[in-house]
1. Just going by the charge dipole of the chain, with Lys and Arg at +1 and Asp and Glu at -1 on Cβ, which of MET1, GLY145, ALA158 is farthest out on the positive end?
2. Where in the stretch 80-142 are there GluC sites (Glu not before Pro) that are in a DSSP coil and have at most 12 other Cβ atoms within 10 angstrom of their Cβ?
3. I'd like to compare 60-73, 160-173: which one has the highest average count of other Cβ atoms within 10 Å, and what's the full order after that?
4. What is the distance in Å between the Cα centroid of the stretch 97-152 and that of the stretch 22-88?
5. Could you list CYS262, CYS213 so that the one with the fewest beta carbons within 10 Å of its beta carbon is first and the one with the most is last?
6. Only Cα pairs under 8 Å and at least 6 apart count here; give the relative contact order of the chain as a rounded whole percent.
7. If you compute Kirkwood radius over Cα pairs in Å for the structure shown, which of (i) 20.7; (ii) 19.3; (iii) 20.1 do you land on?
8. Return the calculated 222 nm mean residue ellipticity for the chain, to the nearest 500 deg cm²/dmol, obtained by summing -39500 (n - 2.57) across DSSP H runs with n ≥ 4 and dividing by the residue count.
Amino acid sequence: MTIVDIPVALSPKYITQVTENNGRYYLVNGEQHQSITSLIDGTIRAYGIEKWRAGWIDTQLAKFNGRKLTKALANMIVTAANQEAAESARIGTEVHSIIERLLKDEEVDFSTLDDQLEPAIRAWLKWRQEHIDWKLVGTEVGVYGSIGGLKYAGQVDALFQTDIDRYVVVDWKTTSGLFESSFMQVAAYAQALEDMRQDEQDTGISQNRLIECDAMVVRLVNDYPRDKNNKKLRDEPKVFNGKVQFADVDVTHWGRTFDYLCSLSAGKSMYQSRKTI
């Protein structure tokens, strides 16, 4: 189990992030809140992830074609995607760490950057230059909310102020594309922050000052190398190409979608008894 205290966005308070083998949740004023990302991942189908896993299995089947299928080999084939997922998570964590240091004006020795990551950071710098007028409020800050009795919380990669009483939550991605789940995630962050403003005790913001929060997903473009037939070489490390892709997220639309998702998730626990006749 890992326990980390996280500063609350626009507040001197903290919430607690708890990570266990079976997932992650947050403690807010002693009450358990579901992780926003876990809530999304556990409720809707991720077709992109399913396709990616299927691609890994196809690659491994081709790699071991002609070999006698043993239990160990079968396990290696079906779990190969898990190993790549762990490596992708490691890369994402390292990229997030470097970006956080740059945002805080901490020194980063670019000559020591891994050759794989240097184009990713160069791509991020392009994005930052285009949004240089955005004032950083905080990194890795917590937000929380509830709907229909379901309590949720999450951790925002970066929070910027773009105007008086106007903010934007931004999430950095090193995924293979921009997915609907990411739009829903940042919309939930933005919606939670707007709702939190109504409680002056929690946010430190006067109730007479209404804030608005926008949302953006920023992807550092990457892909697997390809062979002469344009087939992905999944056994090779991912390659960042120095480009950045970003999308403004419609908080109203995707926030409403997240609300429906919460209602669906809450409904799963409403079955008190079942009868078969």
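1. MET1
2. In loop regions of the stretch 80-142 (DSSP not H, G, I, E or B), the sparsely surrounded GluC sites (Glu not before Pro) are GLU106, GLU107.
3. Ranked by mean Cβ neighbours within 10 Å, highest first: 160-173, 60-73.
4. 25 Å
5. Going from least to most buried by this count: CYS262, CYS213.
6. Relative contact order for the chain comes out at 19 percent.
7. Calculated Kirkwood radius over Cα pairs in Å: the matching label is (i).
8. Dividing the helical sum by the residues of the chain leaves -13000 deg cm²/dmol.
FYI, it's all coordinate maths here, none of it is from the lab. As the structure is a computational prediction, the values presented were derived from the model and not from experiment. No Cβ is skipped: glycine too gets one built from the backbone with ideal geometry, and neighbour counts run over all protein chains shown.
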